1. Based on this model, can you work out whether M97 counts as in the same structural domain as Q147 (by TED's automatic domain parsing) and in contact with an Asp or Glu (Cβ under 8 Å, 6 or more places away or on another chain)?
2. Being surrounded by fewer than 24 Cβ atoms within 10 Å (Cβ to Cβ) and in contact with a Leu (Cβ under 9 Å, 6 or more places away or on another chain) is the filter here, so list the residues in the range 65-81 that pass it.
3. Select, from V8, V18, V36, the only residue that is surrounded by 22 or more Cβ atoms within 10 Å (Cβ to Cβ) and farther than 27 Å from R158 by Cα.
4. Say whether the condition of being touching a residue at least 60 places away in the same chain (Cβ under 8 Å), of a type outside the set (D, E, K, R) and closer than 30 Å to A45 by Cα is met by at least one residue in the range 129-139.
5. Step by step: first the residues of the range 134-165, then only those that are hydroxyl-bearing (S, T, Y) and part of a loop (DSSP other than H, G, I, E, B), then the one that is surrounded by the fewest Cβ atoms within 10 Å (Cβ to Cβ). Which residue is that?
6. Residue by residue through the range 116-142, note down the ones that are touching a strand residue (DSSP E or B) at 6+ places or on another chain (Cβ under 6 Å) and not hydrophobic (A, V, I, L, M, F, W, C).
7. Test G99 against the criterion of being among the small types (G, A, S), closer than 17 Å to I132 by Cα and out of contact with any Leu (no Cβ under 7 Å at 6 or more places or on another chain), and give yes or no.
8. Out of all the residues in the range 143-159, which are over 16 Å from R92 (Cβ atoms) and touching a strand residue (DSSP E or B) at 6+ places or on another chain (Cβ under 9 Å)?
Amino acid sequence: MAPRIRIVLVRTQHSGNVGAVCRAMANMGLTDLALVNPVYENTEAAHALARSAVGIMDQARICRSLEEAVADAHLVVGTTRRFGRGRLEVDRVDSFMPGLRALPEDRVVAFVFGSEAEGLLMEEIRRCDRLITIPADPAYESLNLAQAALLVLWEYRRSVMLDDWDESRQRRGVRMDVPVDQSLPAGRMERLVQKWEPILWESKFLLPHRKRHSLAQVRRAFRLVATDESGWQVLMALGDKIRFRLGIHQSQQPAGEQEPADAKTMQRARQRVQRRERIHTIQERLRAADHSGDQELSPRDDATQLEE
C-alpha cells in the first residue's frame, strides 16, 4: 500500500533539469508531474535528458500557481536546504519517508521543489504541510534540482515501495558475498588473478565463451581466502609452484605490470607440457627396454623424438 506521489517543480529555469527529473521519476515508477510557471523555452535539452521518459514530460500539467498544482493533494511536502532559528521545522528526508507507509492508496502526496536559483520562497514554504531536507555536507549544501529530486524519490522508494522488489533478480549472477573488511587492495588481488590465469587456461577451467563469468568466480574465491597478506602470499607461492610444474615461465615484466596471458602464450605453455610428457614417455620406455634386455629404441630414434 502506498499513496499517489506527485512531483511539483516551481519556476524551473533549465529544461534539462525537467528532463532529468522525468527520467528519475520513471526510474522510481512515478508519472505524475506538475510544472508551476516554468520559465525555460528550449525543450530540446529536456527531451534529450528525459530519454525514454519523454511521455512523463509531455503529459505534465502546466499550472499558474502552487495552489493550483496541489489543490487535490492531501499532504504537501516542501524541499529546502534552509533551516534554523526563525524558520519552520525541517525533517531529514530519510526519517520522514517511513511515515508515508501508513497512508492509503487514494491519498495524494506532493513533493515540491523550488527554482534552481532561489529554491522555494517563504510564501511557498508556508503553503507546505511539512518540510524535508537532504543532509549534504555543510560546506556545500546546494544540490542540483534533478539530483535533489532523484535522492528524494529514491528515499521514498526505499522506505515505502521496496516490498515489491523482486530480490531474485539480483541473485542470478555470481554470488559476491565477500567480506567488506578487506585488508588487501584491488591491485594486489589483480596480480594474484594474473598469476593464476595461465594455470586456469591450461587446466581448462577457463573457456573462451565463459571467461568473464569464470574469472568473476575466481576473484570471489581469492577474496574469500586471501583476506590478509599471509593468505595472499600463500596463493602467490602456490601459483608459482604450479606454473613451474606446468612449464609456464614468469614474465620478464616487473611485478604488478604483467599483461594477462594471451593465446600464443597459452599455446607455448601447452607445447612445453607436451614436450615434457614425450620426454618422460621416452625415458620410461628406455628404462623398460634396459630392464627386459630388449632395446626398443635406438639412440637415433630417441634423438629424433626429442627434436619433435
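The values are calculated or read from the model by the stated rules, or taken from the named source; none is laboratory data. These numbers were taken from a predicted model, which means no experiment stands behind them. Here the Cβ is made from the backbone with ideal geometry for all residues, glycine too, and neighbour counts use every protein chain on show.
1. Working: in the same structural domain as Q147 (by TED's automatic domain parsing): yes; in contact with an Asp or Glu (Cβ under 8 Å, 6 or more places away or on another chain): yes.
Judged against the criteria, M97 is a match.
2. Result: H74, L75, V76, T80, R81.
3. Working: V8 fails: farther than 27 Å from R158 by Cα; V18 fails: farther than 27 Å from R158 by Cα.
The match here is V36.
4. To start, the set of residues in the range 129-139 that are touching a residue at least 60 places away in the same chain (Cβ under 8 Å) comprises none.
Checked against the condition, which is being touching a residue at least 60 places away in the same chain (Cβ under 8 Å), of a type outside the set (D, E, K, R) and closer than 30 Å to A45 by Cα, the range 129-139 yields no hits at all.
5. Within the range 134-165, the match that is surrounded by the fewest Cβ atoms within 10 Å (Cβ to Cβ) is Y140.
6. Going residue by residue through the range 116-142, those that are touching a strand residue (DSSP E or B) at 6+ places or on another chain (Cβ under 6 Å) are 120, 125, 128-132, 135.
Scanning the range 116-142 gives D129, R130, P135.
7. Details: among the small types (G, A, S): yes; closer than 17 Å to I132 by Cα: yes; out of contact with any Leu (no Cβ under 7 Å at 6 or more places or on another chain): yes.
Yes; evaluated as a whole, the condition is true for this residue.
8. Filtering the range 143-159 down to residues over 16 Å from R92 (Cβ atoms) leaves 144-147, 149-150, 157.
Selection gives L145, A149.
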